[in-house]
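Since the structure comes first, as structure tokens, the remarks are kept for the end.
The values are calculated or read from the model by the stated rules, or taken from the named source; none is laboratory data. Predicted model, so just to flag it, every value in this text is computed and none were measured. Glycine also receives a Cβ, built like all others from the backbone with ideal geometry; neighbour counts cover every protein chain displayed.
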Amino acid sequence: MVATTEAPAAVVQFSLELNEEQLQLQQWVHEFAEKVIRPAAHEWDEREETPWPILQEAAKVGIYGMQFMGHISSDPTGLMLPIAIEELFWGDAGIGMALQGSGLAVAAIAGNGTPQQIGEWAPQCYGTADDIKLGAFCVSEPDAGSDVAAMKTRAVYDAAKDEWTLNGQKTWISNGGIANVHVVVAVVDPTLGTRGQASFVVGPNTPGLRQGVKFKKMGIRASHTAEVYLDDVKVPGKNLLGGKEKLDAKLARARDGQKSGEQAALGTFESTRPAVGAMALGTARAAYEWSLDYAKERQQFGRPIIQNQAISFMLANMKMEIDAARLLVWRAAWMAKTRKKFLNAEGSMSKLKASEVCVWATERAIQIAGGVGYVRDAPLERFHRDSKIYTIFEGTSEIQQLVIARAISGMHLA
């Protein structure tokens with residue numbers, strides 16, 4: 001016999017197990033959601049108002065603020081952000097959105113601004129525990145929702161004063177009109193479509209910016225959503241995110257037919273889509289867990305209804321789909337953090353899957369609970385009302401499908 005020696009086993013580096021820091025974060029945020037958010041969810045949904053006391057409590061314990069966002073965004077795996085968001089939205093989507101609404105403005109500042117602009121404006125989107133502030137990202141318009149190229153809000157530059165003048169109307173804006181900092185996407189060269197747009201920071205108490213109609217919504221009702229009007233709003237040159245030199249270079253490339261970087265609005269949305277997927281996961285999981293507990297306790301025909309195959313299979317499918325959606329969200333968050341290119345629109349995939357699963361799962365949770373799920377004494381009808389927004393904001397499901405189709409085909413499909 002010929003003696004053989006086996007090669008040493010390869011070191012396994014791949015793991016889906018969360019590390020200690022991630023687990024501690026998950027537990028911490030979950031406890032806040034369970035003890036502070038959930039007990040207040042019904043009240044603030046009924047009131048349809050920004051839950052300032054909850055924001056203040058979150059700021060006091062360190063869950064609302066620039067330091068918290070910086071911490072969960074610094075995780076080299078990219079997973080802390082979706083983990084924290086999922087737990088907050090497990091507590092309640094409306095209050096979760098009130099807590100996370102400022103994050104979109106911060107993402108726009110961080111994604112487009114200079115280090116100096118980030119340092120100046122991002123903290124002002126949160127304020128302090130004693131003086132809570134909000135941020136708002138203003139992009140959608142009455143005639144420019146999914147069609148960002150149809151945007152009409154204009155920004156005109158006065159070189160003599162180094163000042164921009166903004167005019168236009170924004171709609172469906174989270175924290176619109178009540179925010180301390182509004183990040184406004186506007187057209188600077190209408191001949192270039194989306195490549196002729198730029199982002200501007202409108203600071204607190206700037207004359208000419210005012211709130212329009214505050215919308216009464218089907219879901220996420222604890223989150224303030226309103227129109228924003230800009231009437232001759234004067235913005236100093238230093239408030240152009242990225243600076244004038246960078247903008248001029250981008251516009252020059254666009255006029256020459258060269259490729260330029262991501263558009264101001266679309267770039268922000270692409271980076272935040274896994275976060276929206278995490279929001280949907282939180283709501284879907286809340287509905288699944290509630291209906292699972294109910295199915296174990298509810299007796300019909302002398303046994304718990306979960307012993308009926310129709311119910312148990314429904315719950316099994318809910319669990320499977322939620323877990324599958326989470327894997328897509330975590331993959332996209334990891335890719336974004338490690339700067340892997342979304343060659344197949346993986347960010348859009350995560351948002352599309354999680355949002356559609358959320359609507360589907362909350363509907364099935366109501367079906368399992370029957371009449372109990374349909375009345376407002378139980379949270380399932382609120383979960384279902386909240387779920388629908390995920391398939392609409394930050395790019396509808398149809399837009400996500402279009403983005404994915406363009407990515408996999410390499411063609412500009414319409």
Candidate set from region 72-90 (those that are in contact (Cβ under 8 Å) with a residue 12 or more places away in the chain and more than 16 Å from the chain's Cα centre (by Cα)); member that is surrounded by the fewest Cβ atoms within 10 Å (Cβ to Cβ): 76
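Kindly evaluate residue 127 against the criterion of being farther than 19 Å from residue 50 by Cα and either in contact (Cβ under 8 Å) with a residue 12 or more places away in the chain or touching a strand residue (DSSP E or B) at 6+ places or on another chain (Cβ under 9 Å) (or both). Before the answer, list the steps.
Details: farther than 19 Å from residue 50 by Cα: no; either in contact (Cβ under 8 Å) with a residue 12 or more places away in the chain or touching a strand residue (DSSP E or B) at 6+ places or on another chain (Cβ under 9 Å) (or both): yes.
Spelling it out, it is not the case that residue 127 is farther than 19 Å from residue 50 by Cα and either in contact (Cβ under 8 Å) with a residue 12 or more places away in the chain or touching a strand residue (DSSP E or B) at 6+ places or on another chain (Cβ under 9 Å) (or both).
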Quick one: in region 122-147, of everything that is in contact with a Leu (Cβ under 9 Å, 6 or more places away or on another chain) and under 17 Å from residue 66 (Cα atoms), which residue is surrounded by the most Cβ atoms within 10 Å (Cβ to Cβ)? 137
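Hey, could you check region 198-216 for residues that are surrounded by 20 or more Cβ atoms within 10 Å (Cβ to Cβ) and among the small types (Gly, Ala, Ser) and say which is nearest to the chain's Cα centre (by Cα)? Let's see the steps before the verdict.
So the first thing to find is which residues in region 198-216 are surrounded by 20 or more Cβ atoms within 10 Å (Cβ to Cβ), and the list is 198-202, 209.
Those still in the list that are among the small types (Gly, Ala, Ser) too: 198-199.
On the way: 198: 21, 199: 18 Å.
Only one residue tops the list, namely 199.
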Quickly run through region 325-341 and pick out the residues that are crowded, with 20+ Cβ neighbours inside 10 Å and within 19 Å of residue 403 (Cβ to Cβ). 325, 328, 329, 332, 333, 336
By residue number, the members of region 364-402 that are crowded, with 23+ Cβ neighbours inside 10 Å and of a type in the set (A, V, I, L, M) are 365, 368, 380, 389
Of all residues in region 165-186, which are touching a helix residue (DSSP H, G or I) at 6+ places or on another chain (Cβ under 8 Å) and surrounded by 24 or more Cβ atoms within 10 Å (Cβ to Cβ)? 174, 175, 179, 181, 182, 183, 185
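Quick check: is even one residue across region 179-196 assigned to a loop (DSSP other than H, G, I, E, B), β-branched (Val, Ile, Thr) and either within 19 Å of residue 112 (Cα to Cα) or without any contact (Cβ under 8 Å) to a residue 60 or more places away in the chain (or both)? Quick ask: steps written out before the conclusion?
First, the residues of region 179-196 that are assigned to a loop (DSSP other than H, G, I, E, B): 179-180, 188-189.
The next check asks that each one be β-branched (Val, Ile, Thr); those that pass are 188.
From what's left, either within 19 Å of residue 112 (Cα to Cα) or without any contact (Cβ under 8 Å) to a residue 60 or more places away in the chain (or both): 188.
Scanning region 179-196 turns up at least one residue that is assigned to a loop (DSSP other than H, G, I, E, B), β-branched (Val, Ile, Thr) and either within 19 Å of residue 112 (Cα to Cα) or without any contact (Cβ under 8 Å) to a residue 60 or more places away in the chain (or both).
Among the candidates 361, 354, 407, which residue alone is in contact with a Phe, Trp or Tyr (Cβ under 8 Å, 6 or more places away or on another chain), among the small types (Gly, Ala, Ser), buried (at least 23 other Cβ atoms within 10 Å of the Cβ) and more than 27 Å from residue 171 (Cβ to Cβ)? Talk me through it step by step, then tell me what you get.
Details: 354 fails: more than 27 Å from residue 171 (Cβ to Cβ); 407 fails: buried (at least 23 other Cβ atoms within 10 Å of the Cβ).
Only one candidate qualifies: 361.
Just for region 148-161: of the residues that are within 26 Å of residue 396 (Cβ to Cβ) and in contact (Cβ under 8 Å) with a residue 12 or more places away in the chain, which one is surrounded by the most Cβ atoms within 10 Å (Cβ to Cβ)? Lay out the reasoning, then the answer.
Going through region 148-161, the residues within 26 Å of residue 396 (Cβ to Cβ) turn out to be 148-154.
Now drop any that are not in contact (Cβ under 8 Å) with a residue 12 or more places away in the chain, which leaves 148-149, 151-154.
Values: 148: 21, 149: 16, 151: 24, 152: 14, 153: 22, 154: 16.
Here the answer is 151.
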Kindly list the number of the only condition in (1) surrounded by 18 or more Cβ atoms within 10 Å (Cβ to Cβ); (2) of a type outside the set (D, E, K, R); (3) closer than 29 Å to residue 14 by Cα that fails for residue 320. (1)
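Please verify whether region 151-162 includes one or more residues that are under 20 Å from the mean Cα position of the chain (by Cα) and of a type outside the set (Asp, Glu). Don't jump to the end; show me each part of the working.
Of region 151-162, the ones under 20 Å from the mean Cα position of the chain (by Cα) are none.
Checking region 151-162: not a single residue is under 20 Å from the mean Cα position of the chain (by Cα) and of a type outside the set (Asp, Glu).
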Looking at this structure, is residue 267 modelled with pLDDT under 95 and either of a type outside the set (Gly, Ala, Ser) or in a helix (DSSP H, G or I) (or both)? yes
Are there any helices (runs of 4 or more DSSP H) wholly within region 23-114 with 1 or more residues that are charged (D, E, K, R) and over 22 Å from residue 183 (Cβ atoms), and if so which? 38-47, 52-61, 80-91
Yes or no: residue 206 among the hydroxyl-bearing types (Ser, Thr, Tyr) and more than 30 Å from residue 390 (Cα to Cα)? yes
Which pairs do you get when a residue that is assigned by TED's automatic domain parsing to the domain that holds residue 178 and buried (at least 20 other Cβ atoms within 10 Å of the Cβ), found in region 217-233, comes within reach of a residue that is part of a loop (DSSP other than H, G, I, E, B) and among the hydroxyl-bearing types (Ser, Thr, Tyr), reach meaning Cβ atoms under 9 angstrom, with the pair 6+ apart or on two chains? 222/50; 223/50; 224/50; 230/153; 233/206
Got a sec? Which of 131, 92 is in contact with a helix residue (DSSP H, G or I) (Cβ under 8 Å, 6 or more places away or on another chain) and of a type in the set (Asp, Glu)? 92
